[in-house]
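Trainee: What follows is a structure written as structure tokens; I'll ask about it next.
The values are calculated or read from the model by the stated rules, or taken from the named source; none is laboratory data. Bear in mind the structure is a predicted one, so any value in this text is a computation, not a measurement. Here the Cβ positions follow ideal geometry from the backbone for every residue, glycine too, while neighbour counts run over all protein chains shown. Accessible surface is based on the protein model in full, side chains and every heavy atom, while ligands, DNA and RNA are left aside. Shrake-Rupley method; radii C 1.70, N 1.55, O 1.52, S 1.80 Å.
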Amino acid sequence: MDELADLQQRILAEIAGGTDPAALEQLRVSVLGRKGEITERMKSLSALEGEARKAAGQALNRLKDEIQRAVDAAQRKLAEAELERRLAGERVDVTQPVAFETAGRIHPISQTIDEIVAIFGEMGFRVAEGPHIEDDFYNFTALNIPPDHPARQEHDTFYLPERPDGTRKVLRTHTSPVQIRTMMAEKPPIRIIVPGRTFRFDHDATHSPMFQQVEGLVIDKKTHMGHLKGCLTEFCRAFFDVEDLPLRFRPSYFPFTEPSAEVDIGCQRSGGELKIGNYGDWLEILGCGMVHPKVLANCGIDPDVYQGFAFGMGIERIAMLKYGIPDLRIMYESDLRWLKHYGFVPLDRPSMIGGLSR
């Protein structure tokens, strides 16, 4: 028994003096492992008889349990000390200015909206806003969209539950309802742009169920198609920073404009790369046209006195074209690595004087 007491005192002293988790584990194995000192002593119990073997076995088991508890306590103590050391070394003073490398970034969508506002702001446009949840009148009827138009179908539009009167509100499918609300609330002349979220059933590399759109509206007595062409030409050349960027207006159809046109910009497709510029090829970018007389009449504006133009484009689409972003969906995945690559420095606000993007 004196021999076990000496063994216990020696091992517990070694455990108490341990300063390294790896060395502590090695000590535990040397004592309690398959070939450890206590294990070997347990094997020798077969040489004893009767009460002597029982008493020796109980003593060894108590020693084994005590050593294991001591090892566990020492390991916890070392782990806590290591945590305290790490916390002290990683302490952050939140009152200090943020280092540049840890600063946030402006999302390309927000940057693109600011660039659009900066360009059209120089042309005299102001920003208008409206609700995301709209009545059928503002989203469809006032825009001269007939009841059987595909855009009204549930495979294209998000409808809310039916109301007691049988009507249903919709998540706006474009920002055009803001144009309607503006024309009904204000008297011409009107010159607005309407950036904002819109919602449709669509999801792939270039489409999303929720996407950003910007529309423009000009209403005046002498506005004509030439003003529309000049406005969009100046915008595209400023936005893409291509001075001789060509635009092509192709006849098209929209229920709310007449005449209507699709607008293409010059580009080049070669070697799997798309370049914007005067290269002889074309890429569709937006739709536009003169506001339909029925739309003016629906808003209480006399179409015999006033006329105007409207246009609309997807903000994600032009951001992808300008900044070389291959997939629209990743814009909404909150990947900080992606944002660090494509994002913009917060203080570099777009302006026509200081530059749109850097």
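Trainee: Applying the Karplus parametrisation 6.51 cos²θ - 1.76 cosθ + 1.60 with θ = phi - 60° to the phi angles of segment 272-285, what ³J(HN,Hα) value in whole Hz is obtained for each residue in order, glycine and proline being reported as x?
Mentor: Calculated HN-Hα couplings, in order: x, 10, 9, 10, 8, x, 8, 10, x, 9, 10, 9, 5, 10 Hz.
Trainee: Quick one: grab Rg to one decimal and Dmax as a whole number for the chain, Cα atoms only, in Å.
Mentor: 36.8, 120
Trainee: Kindly provide the helix-only [θ] at 222 nm of the chain, computed as the sum of -39,500 (n - 2.57) over DSSP H runs of four or more divided by all residues, to the nearest 500 deg cm²/dmol? It would help to have the intermediate numbers written out before the result.
Mentor: On the way: 11 runs with 141 residues, N = 358.
Helices in the chain give a 222 nm mean residue ellipticity of -12500 deg cm²/dmol.
Trainee: Could you estimate the translational diffusion coefficient of segment 185-320 from the Stokes-Einstein equation, with Rh from the Kirkwood formula over C-alpha pairs, at 10 °C and 1.306 mPa s, in whole µm²/s?
Mentor: 98
Trainee: Report the relative contact order of the chain, percent, no decimals, based on alpha-carbon pairs under 8 angstrom and at least 6 residues apart.
Mentor: 16 percent.
Trainee: Still on this structure, I have one more. Can you give me the P(r) profile for segment 33-97? Cα pairs, bins 10 angstrom wide beginning at 0, each as a whole percent.
Mentor: Bin by bin from 0 Å, the calculated values are 17, 28, 18, 14, 10, 7, 4, 1.
Trainee: Tell me the Rg and the Dmax, in Å, that the Cα atoms of segment 1-133 produce.
Mentor: 33.4, 106
Trainee: For segment 258-358, with all protein chains present and a 1.4 Å probe, just round the carbon and sulfur fraction of the accessible area to a whole percent.
Mentor: Numbers: 2660 of 5310 Å².
The value for segment 258-358 is 50 percent carbon and sulfur by accessible area.
Trainee: What is the mean projected area of the alpha carbon convex hull for segment 240-330, to one decimal in square nanometres? Kindly include the intermediate steps, with their values, before the conclusion.
Mentor: Values: hull surface 31.4 nm².
With the hull built on Cα positions only, its mean projection is 7.9 nm².
Trainee: If R0 is 45 Å, what FRET efficiency do you get for Asp348 and Asp20 from their C-beta distance, rounded to 0.05? If you can, show how the numbers build up before the last one.
Mentor: Numbers: r = 51 Å, r/R0 = 1.13.
According to the calculation, E is roughly 0.35.
Trainee: Hey, what's the chain come to in accessible area per residue, 1.4 Å probe, Å²?
Mentor: With all protein chains present, the chain gives 58 Å² per residue.
Trainee: Give me the net charge of Gln268's neighbourhood, meaning all other residues with Cβ under 9 Å from the Cβ of Gln268; Lys, Arg count +1, Asp, Glu -1.
Mentor: Neighbour charge sum, excluding Gln268 itself: 0.
Trainee: Going from most exposed to least, what order do Leu24, Leu78, Leu274 have by accessible area with a 1.4 Å probe?
Mentor: I get Leu274, Leu78, Leu24, largest accessible area first.
Trainee: With every protein chain left in place and a probe of 1.4 Å, what is the accessible surface of Leu32, to the nearest 10 Å²?
Mentor: Here the accessible area works out near 30 Å².
Trainee: What's the percent breakdown of Cα-Cα distances in segment 91-170 across 5 Å bins, shortest bin first?
Mentor: 3, 10, 12, 12, 10, 11, 13, 9, 6, 6, 5, 3, 1
Trainee: Compare Tyr342, Tyr253 by solvent-accessible area with a 1.4 Å probe and give them largest first, with all protein chains kept in place. Kindly include the intermediate steps, with their values, before the conclusion.
Mentor: Details: Tyr342 50, Tyr253 150 Å².
Ranked from most to least accessible, the order is Tyr253, Tyr342.
Trainee: Then there is this: Enter the angle in degrees (range 0 to 90, nearest 10) between the Cα long axis of helix 2-16 and the first principal axis of the Cα atoms of the chain, meaning the one along which they spread out most.
Mentor: 30
Trainee: Carbon and sulfur atoms: what percent of the 1.4 Å accessible area of segment 76-151 do they account for?
Mentor: 57
Trainee: Ignoring ligands and nucleic acids, what accessible area does Ser208 show with a 1.4 Å probe (Å², nearest 10)?
Mentor: 20
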